[in-house]
Structures are given as C-alpha cells and as structure tokens.
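The next block holds one structure in the form of structure tokens; read it before the comments.
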Amino acid sequence: MYMKEQTKMLQALTNELLKNASSIEELRDVLRFHEFRYYILNDPLISDEQYDRLYKSLEKLETENPKLITPDSPTQRVGNSLNKDFITVAHLVPMLSLDNSYNSQDLIDWDKRVRGLVNTENIEYSAEPKFDGASISLIYENDVLARGVTRGDGVAGDDVTTNIRQIGSVPLFAKFSDYGIEKIEIRGEVLMTKENFKKYNLMLEADGIPPLANPRNAAAGSLRMKDPAAVRKRRLEAILYHISFVTTNQKKSKGSELLKTHSGSLELLAGLGFKTPVHKKKVFNAIEKVVAFCEDFETRRDNLPYEIDGMVIKVNNVELQQQTGSTTHHPRWAIAYKFKARQASSQLLKVDFQVGRTGSVTPVAKIEPVHIGGVTVTSISLFNADVIEEKDLRIGDTVLVERAGDVIPYIVKPLTELRTGKEKKIIFPENCPVCNDPLVKPEGEAIWRCVNINCEAQVVERIIHFVSKDAMDIKSLGEANVRKFYSLGLLKNIPGIYKLDYDEISKLEGFGEKSINNLKTAIEVSKTQSLNRLIFGLGIRYVGETTAKVLSKSVESIFEIANFSIEELRELKDIGSKVSESIYEFFQNQDNIKMLKTLEAAGIMTKGDKKEEVPGTLSGKTFLFTGTLPTLKRGDAEKLAEDNGGKLLSSVSNNLNYLVTGDSAGSKLEKAKKIKTIKIIDEQDFLNMIHI
Ligand code: IVH
C-alpha cells in the first residue's frame with residue numbers, strides 16, 4: 001500500500017509532526033499510515049506513546065474546529081481490519097479502545113474532565129491491571145456460553161467460540177439466571193501466563209520449532225488457530241473485566257444492585273466462576289489515591305503470573321459512567337495508565353555462538369547496552385539460524401528490543417528503514433566454536449548441534465546444570481566456580497564435585513576457610529536431595545522437572561529406570577515418544593550407569609519414591625482422558641481416578657483399559673477405537689464407576 005519512498009517521506013513527516021503541530025490533513029495521513037503499519041502489517045514504526053501524541057494533536061485540532069471533522073478521520077472509527085478465515089459477527093456494543101495516560105498529571109487532568117461531566121462530587125474510581133493479551137467478548141444466553149468473539153475492528157470480530165471453549169477458566173455455563181440476567185455480553189482478555197509461556201516454548205524448542213516471541217502474541221495467535229486441540233495445549237486463561245450489555249428479567253432483582261457499580265459487576269462475575277482482576281475491590285474516593293496505587297503496582301508488576309502493561313482506572317458507578325459517555329474511540333469514564341515502555345532500540349554489534357549442554361549451538365546477539373524497564377540488556381538469544389534468517393538480521397542493524405517482565409529479552413525486528421548499506425550478513429559457523437568438530441542439523445530440526453559429547457563446552461554446561469537451583473542446588477558451587485575449577489583442571493565431570501581437592505582450592509584467591517567450609521557443607525547437603533532433582537540434574541534431553549518427578553515416583557531406585565522399555569516409559573504420565581526415547585538412550589548408555597554408580601558410592605541419594613498403589617474401586621485399571629468433559633476439569637478428573645486407585649496413562653496403547661472422552665476428542669479416540677480391549681466411556685460412566 002505504501003511504497004518505500006512514501007514510507008520514508010511519511011516517517012520524516014512523523015518526526016516533524018512529533019516536534020510541531022501541523023495541518024489537520026497531514027496529521028490524518030500520518031496517523032492512517034501508522035495505523036496501517038500497526039494493525040495491518042503488525043510492524044509499527046513508532047511507539048504507542050508517540051502515536052497517542054499525534055492522535056491527541058488531531059483530536060485537539062478537531063475539537064477546536066469541529067467543521068473540519070470528516071467521517072474518515074482516524075478519530076471517527078474504532079479500529080482495524082479483520083481476519084477473513086473466521087465468520088465475522090457484530091458485537092452487541094462496539095468494543096472501544098481506552099484513552100492512555102502516562103503519569104500522575106495525566107490522571108489528575110482526566111479526573112478534572114470526569115468531574116466536569118457528572119452531576120456529583122462523590123466519585124469512586126476502581127483501579128485494576130491492564131492485561132496484555134488478546135481482547136475478547138463473550139455472550140451468554142440463558143446461562144450458556146453462546147459466543148466468543150475477537151475484537152476485530154471494534155464493531156465486528158471473528159467468531160472464535162470453539163477456541164474460547166478450550167480455555168479452562170471460561171465457564172461454558174454460568175447461573176446468570178440467579179441474578180435475573182437473560183443475555184449478557186462480557187469483555188475480557190485472553191492471556192497466557194509467563195510460566196505456561198516458558199513451558200510452551202520449551203516444548204516448541206524440544207520439537208525444533210522456533211519459540212514464540214511473547215505471551216501476548218501467543219495468546220492472540222492461539223485464538224486464530226484452526227485446531228481447537230492445539231489451542232487447549234496452550235493452556236490459556238481468560239480474565240473478564242467489563243459487562244458491556246445486559247438484559248434482565250424484572251422478576252428477579254438480585255443482580256440489579258451489583259450491576260450498579262463496576263466493582264459489583266466484577267463481584268457478580270467472580271461469584272459465577274469467572275476469573276476477574278485480582279484487585280477487584282480496589283475503589284478509591286480521590287484520584288491521588290489512585291495515582292499512589294498505580295505507582296506502587298508498577299513496582300510489583302513482575303510478581304504477577306501474567307504480563308500487564310499498565311492499569312485501567314474506571315468510574316465505579318455505572319450511572320455516572322453513562323453521564324460521561326464515550327467518544328467513537330474510547331469511553332470517557334475509563335483511562336489506561338501505561339507503565340514505562342519495555343521496548344527500546346539499540347545496535348546489533350556482533351553475534352556469538354554458544355554451545356549448550358546438549359551440544360545445541362545458540363546464536364547470541366551482543367547489542368549496545370540499553371536500559372529497558374530498569375534492566376540493562378546487552379545480550380539476547382536469537383535461538384537458531386532460522387530466526388536470524390526470518391528476521392533478516394544483520395550486524396550493524398538498529399534493532400527493536402523488547403523485554404517483557406521476566407520473559408527473556410528478544411529482538412522484535414531490525415529497523416530496516418534505518419539501514420545505511422554498511423550492515424553485514426551473519427554467518428553461522430560450520431564447526432563447533434569450542435571443539436571444532438563439524439556441526440550437524442538433524443532432519444526436521446532447527447538447531448545445529450555439536451555431537452561430540454566430550455566437547456568441553458558441553459561438559460562444563462552439564463556440571464553447571466547439575467549444581468543449579470532447580471537441580472541439586474549447590475549454591476556455593478555456582479556457574480562462576482564451576483568454570484574456574486574446570487579451567488584449572490580441579491573439576492572434570494559431575495562425580496568430580498564429590499571428590500574436590502580442597503587443599504588445591506584453598507590456594508586459590510577468595511577461598512578462605514569459611515568459603516571452603518560453606519562449599520563442603522553445600523556439597524554434603526546435596527547428597528540428600530530427592531531423586532527427582534538428581535534426575536533433572538543429569539540434563540537428559542527433553543527431561544524437565546515435571547518428567548523428572550514422574551520418573552522418580554515410578555521407581556524405588558534410579559537404576560530401575562534402565563529396565564523400562566521405550567513403550568513402558570511412554571505409558572508414564574505426560575511422557576511422549578521423543579522424551580521416552582531420550583530417557584531410554586541415556587539409561588542404556590553404560591557410561592551413564594557407571595557415573596550413577598560412582599555418585600551412589602559417594603553417598604548421593606538414588607532412592608525413588610514409588611508409592612504402594614492406593615487400593616480403591618479403580619485398582620488395577622488404567623485411564624486416559626481426552627476432549628473437554630462436560631463438568632469436570634481435566635486435572636480434577638485425573639485426580640479422582642488416582643484417588644480411587646486407578647493409574648493414568650499418557651497415550652493409547654494395549655495397556656489402556658478406559659478412554660474417558662469429552663467434547664472434541666480427537667486422534668486418541670480414533671486410535672482407541674482400533675483396539676478392541678479399550679472401553680470408551682463418557683464422564684458419567686466414569687463417575688458411575690466411582691459411585692458419584
Ligand atoms: S475496560 C469500554 N479493563 O486494553 C472499555 N480493558 O488498550 C472496556 N484491557 O480495549 C475496556 N485490561 O481490550 C478494560 N482491566 C481492563 C483491561 C482492558 C486490558 C484492554 C482492552 C482495551 C485495551 C485498550
């Protein structure tokens with residue numbers, strides 16, 4: 001739509017306009033151009049804050065000269081374009097945006113504006129997090145979830161009901177009728193928690209697929225996926241924060257009192273099983289208190305399980321909300337208080353190639369140090385060669401960097417408009433940068449590997465992983481000491497930790513009696529760590545903490561794992577074929593068994609915590625759950641099976657006795673149908689088995 005020349009010209013004009021206000025038509029052109037970059041190309045050239053500044057200048061000019069307002073002005077519409085693949089449906093009430101504020105003065109000014117619009121001085125404000133995910137609108141009719149729709153252009157969105165139904169925290173049924181509510185439209189945000197985002201990315205990486213950039217993209221992308229089962233795997237959450245439309249039946253008035261305020265509406269939703277903003281009861285009677293709350297919240301944003309990019313302040317009383325009304329763009333009764341930006345631009349200086357404990361070679365960008373959200377970023381993982389290629393990164397590029405919460409920083413993109421022509425291509429090495437062996441890339445994977453298991457880089461990384469916090473947690477022997485001892489020949493492998501020569505170490509600078517004693521104690525204590533930590537610490541490919549726990553629960557001693565076949569490993573909970581093959585390979589390797597024997601001889605705990613089976617009505621029977629069950633959550637159903645003596649399997653095999661199926665059961669059901677001995681039952685049959 002915009003040619004390269006035009007882009008350059010409009011960007012230059014943007015810079016000019018950001019400095020000086022200018023003519024209405026120029027402003028509109030520039031805003032339309034940035035909307036196109038943001039909404040259509042998903043490739044903004046300016047920050048939200050800069051966009052807002054331009055938007056507000058236009059709004060100001062139009063307010064001063066109402067005659068100049070045209071129907072196609074960016075101020076006169078709600079949003080952007082639609083995804084054609086889903087059916088488009090109209091929202092009952094347009095989904096507006098929020099006006100933005102960036103500091104206390106902005107909020108104080110907003111308070112003044114609100115006070116000028118309402119007929120009372122007693123105004124209560126609510127304040128809650130501004131969730132950084134994908135907005136949705138849910139409609140319930142006669143207590144049933146009838147529809148879930150994306151924001152779309154604000155007037156109409158994509159019908160993504162099937163995908164919304166995969167989100168565990170969205171009730172498919174809620175007793176609105178108890179409150180006399182017949183039809184209701186609720187607004188909220190679909191999110192992926194930071195923890196699930198990390199886990200999901202680990203899963204992708206294990207499959208050699210490049211990781212997703214941030215939880216926001218993960219949530220938004222998930223809503224548009226074709227396969228509902230894949231949506232479920234992403235373990236999304238939905239937080240509901242606004243009732244936009246409601247019809248009530250006059251006979252019951254229980255809801256009417258609650259619906260009079262925003263905080264009451266949230267209470268009503270929470271009471272019906274919806275997730276609502278955590279600080280739902282936060283209401284304030286003065287804007288100064290709101291400011292203090294928002295400022296304090298910003299310091300704690302990283303403690304939340306999901307990303308937030310600010311706070312939303314709302315007039316609490318719905319009657320007063322109606323008195324303030326809305327513009328075509330945003331309601332006047334609400335405002336977003338945006339936290340400090342977590343994006344910044346910097347220069348890509350060089351790319352290093354690091355060898356991990358499994359031999360994976362990761363390109364790491366070294367950038368000109370840049371402050372983002374209170375942290376200085378100098379190094380950024382680029383994950384694999386494909387990412388470099390897809391983003392077309394070059395040495396010398398100015399790059400846009402984002403750091404969201406405790407999500408690791410990443411390069412959003414190079415700012416190609418700023419290239420001078422002197423940028424250099426990034427060349428991926430053909431040989432291991434540490435041991436010089438040729439690198440290999442297994443078929444279907446995105447990662448180049450050094451397959452020399454004695455490669456020094458891998459050995460050191462394995463020891464570092466073994467002593468790390470979530471593994472054996474030997475604090476005094478952190479990464480720096482492992483590297484130091486290794487380079488001095490004092491530590492050569494994992495068992496070496498338990499045979500350190502303390503006389504030699506005491507000769508090193510910084511190792512007085514006290515630190516040696518600390519080190520000795522920490523190493524001694526690690527011998528009693530539970531087996532799951534030892535298994536995790538071994539750094540077996542694809543074996544994370546969860547798998548390590550499953551394994552340790554399945555054996556009385558670590559050496560028993562060697563007796564499992566690939567198929568038997570696969571039957572353990574949540575262990576897929578890749579993971580089982582990798583575990584099998586590790587325990588068939590006699591060098592590894594020898595290492596474990598040495599560790600055992602040094603006094604390390606190798607006993608597992610396999611429990612006697614719980615006797616119960618389901619004793620001796622195996623279960624697998626698939627699809628969405630009508631009333632039980634998956635985890636609760638699995639717990640019921642286990643509590644009653646049943647055993648859970650993770651895949652369909654001859655050893656499976658019962659497949660409990662729910663809505664949209666997929667490939668597991670098809671596979672089970674082919675094995676005659678498997679009984680295919682539904683939730684009710686299952687509950688009957690345990691007499692519920
Ligand atoms: S209230 C009519 N509350 O942020 C106003 N919106 O950037 C209804 N958002 O369009 C919105 N957290 O999608 C509201 N606690 C919150 C929110 C929130 C995130 C989204 C919402 C809005 C966008 C504006």
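Observations
- Unmatched cysteines, the chain - criterion: no other Cβ of a Cys under 4.7 angstrom: C294
- Charged neighbours of V170, selected by a Cβ distance under 10 Å, balance to +1 (K, R count +1; D, E count -1).
- Lysine pair count for the stretch 244-335 with Cα-Cα distance under 29 Å and sequence separation of 8 or more or different chains is 29.
- For S565, net neighbour charge (Lys/Arg +1, Asp/Glu -1) across residues whose Cβ lies under 12 Å away: -3
- The chain - Rg and Dmax from Cα coordinates, angstrom: 29.1, 88
- Panel order for D574, D52, by other beta carbons found within 10 Å of each beta carbon, from fewest to most: D574, D52.
- Close amide-amide hydrogen proximity is noted between V401 and A344, S345, S346, V412, each under 5 Å apart and 5 or more residues distant or on a separate chain (H modeled in the peptide plane; Pro and chain starts excluded).
- Sorting 463-470, 554-561, 424-431 by average packing, meaning the other beta carbons within 10 Å per residue, from highest down gives 463-470, 554-561, 424-431.
- Amide H contacts under 5 Å for D99: A336, restricted to partners 5 or more places along the chain or on a different chain, H placed in the peptide plane at 1.01 Å from N.
- Within straight-line cross-link reach of K422, aspartates and glutamates at Cα separation under 13 Å, skipping those fewer than 8 residues along the same chain: D397
- Subset of K199/K391; K507/K597; K469/K607 violating a 26 Å alpha-carbon distance limit: K507/K597
- Inverse of mean 1/r across different Cα pairs in the stretch 444-539, Kirkwood, Å: 14.2
- Per residue, the average separation of C-alpha pairs within less than 8 Å and at least 6 apart gives the stretch 393-527 a relative contact order of 13 percent.
- Peptides 481-490, 580-589, 122-131 ranked from most to least packed by the mean count of surrounding Cβ atoms within 10 Å: 122-131, 580-589, 481-490.
- Per-residue 3J(HN,Hα) values for the stretch 491-506, derived from phi via the Karplus relation 6.51 cos²θ - 1.76 cosθ + 1.60 with θ = phi - 60°, read 9, 10, 7, 4, x, x, 4, 8, 10, 5, 8, 5, 5, 5, 5, 5 Hz in sequence order (x marks Gly and Pro).
- Built amide H within the under 5 Å cut-off of V155, gap 5+: M95
- Only Cα pairs under 8 Å and 6+ residues apart enter the sum, and on that basis the relative contact order of the chain stands at 9 percent.
- 16 Å tail of the calculated P(r), the stretch 310-388, as % of Cα pairs: 68
- Per-residue HN-Hα couplings for the stretch 133-138 [Karplus 6.51, -1.76, 1.60; θ = phi - 60°; Hz; x = Gly/Pro]: x, 10, 6, 9, 10, 10
- Mean residue ellipticity, 222 nm, helices only, the chain: the sum of -39500 (n - 2.57) across DSSP H runs of n ≥ 4, divided by residue count and rounded to 500, is -10000 deg cm²/dmol.
- Shown here for the stretch 607-692: trypsin sites (Lys or Arg not before Pro) in loop regions (DSSP other than H, G, I, E, B) with at most 12 other Cβ atoms within 10 Å, namely K611, K633, K674, K676.
- Sites listed here are GluC sites (Glu not before Pro) in the stretch 590-636 whose DSSP assignment is loop and whose Cβ has at most 14 other Cβ atoms within 10 Å: E612, E613.
- Eligible lysines near K611 by straight Cα distance, threshold 23 Å, same-chain separation 8 or greater: K527, K549, K553, K573, K621, K639, K647
- Summarised in one figure, the compactness ratio Rg/Rh of the stretch 254-359, Cα atoms and Kirkwood Rh, is 1.17.
- Part-to-part distance (alpha-carbon centres) for the stretch 377-442 and the stretch 161-237, which is given in Å: 30
- For the chain, the antiparallel share of DSSP beta bridges with both residues in that region comes to about 85%.
Every number in this text was worked out from the coordinates using simple rules, so none of it is lab data. Just so it is clear, the model here is predicted, and its values are computed rather than measured. No Cβ is skipped: glycine too gets one built from the backbone with ideal geometry, and neighbour counts run over all protein chains shown.
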